[in-house]
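For reference, the structure discussed in these notes is given below.
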Amino acid sequence: MPSAIHNFMLRGFNVTIPNWLSASRYIMAPFICMAILTNAWSLATSLYLLAIITDFLDGWLARKLRSVSARGGLLDHSADAFLVAAVLGTLSYLQLIPWILPVFLLMAFAQYVLDSNALQGKNLKTNQLGRYNGIGYYLLAVVPLVQNSAGWELFPAPTVYYLGWGLFLTTLISMLDRAVLLWREVK
């Protein structure tokens, strides 16, 4: 195991209710994916909505309990990235969204963590487009889940697929923006 990740896991991580809520998304993700693959769309949608609720609650509770930390923020954001990448990856396997989107989502998240020096205990440094993309990933995943569990189609499959390509493009733009900013800082 690389030493930076090993040190992150062992050094100063607080076991708090908000951190447990964040970590729960790691646990829910495989169950959501399995539900999708077995056409248990209602179960997948219910678990996904529960995961969204934990995402709202973890930050709110951390602020309320005064347990906000850089490591807790990293856990929260990494759980979000893992959950959404897993669900979008499963949806791409079913050819409901472009395969490249979950790949670039993970690449963008890795860049976000590395640019912020989060593995060294620093706070994550967000950019506005990256924040909007994060919301977009969650929303793009929820559309096929809800549509398949409810049995109706508000957005036709090609529309959802092309929205995935649009989100890929904004992810790519966000990554390029972060790279330019880092290059200017180093220069």
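The values are calculated or read from the model by the stated rules, or taken from the named source; none is laboratory data. None of the values given here were measured: they were computed from a predicted structure. Counting neighbours? That spans all protein chains shown, and the Cβs are built from the backbone with ideal geometry, glycine included.
Tabulated data for the structure shown
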quantity	calculated
Pick from segment 77-105, criterion of a type in the set (A, V, I, L, M) and either touching a strand residue (DSSP E or B) at 6+ places or on another chain (Cβ under 7 Å) or under 17 Å from ILE173 (Cβ atoms) (or both), ranking: surrounded by the most Cβ atoms within 10 Å (Cβ to Cβ)	LEU101
Tabulated pairs, segment 129-140, first within 14 Å of GLN111 (Cβ to Cβ) and in contact (Cβ under 8 Å) with a residue 40 or more places away in the chain, second of a type in the set (Gly, Ala, Ser) and assigned to a helix (DSSP H, G or I), C-beta under 6 angstrom, 6+ apart or interchain	LEU129/SER174; GLY130/SER174; ASN133/SER174
Filtered residues of segment 29-40 (kept if buried (at least 19 other Cβ atoms within 10 Å of the Cβ) and in contact (Cβ under 8 Å) with a residue 40 or more places away in the chain)	ALA29, ILE32, CYS33, ILE36
From the options GLY59, GLY12, residue that is surrounded by fewer than 21 Cβ atoms within 10 Å (Cβ to Cβ), modelled with pLDDT under 95, touching a helix residue (DSSP H, G or I) at 6+ places or on another chain (Cβ under 9 Å) and on the phi > 0 side of the Ramachandran plot	GLY12
SER174 vs. criteria of a type outside the set (Lys, Arg), surrounded by 13 or more Cβ atoms within 10 Å (Cβ to Cβ) and over 20 Å from ILE100 (Cα atoms)	no
Close pairs from segment 167-187: first part of a helix (DSSP H, G or I), partner of a type in the set (Val, Ile, Thr) and surrounded by 10 or more Cβ atoms within 10 Å (Cβ to Cβ), Cβ under 8 Å, at least 6 apart	PHE168/ILE100
Qualifying positions in segment 141-166 - without any contact (Cβ under 8 Å) to a residue 40 or more places away in the chain, surrounded by 13 or more Cβ atoms within 10 Å (Cβ to Cβ) and of a type in the set (Ser, Thr, Tyr)	TYR162
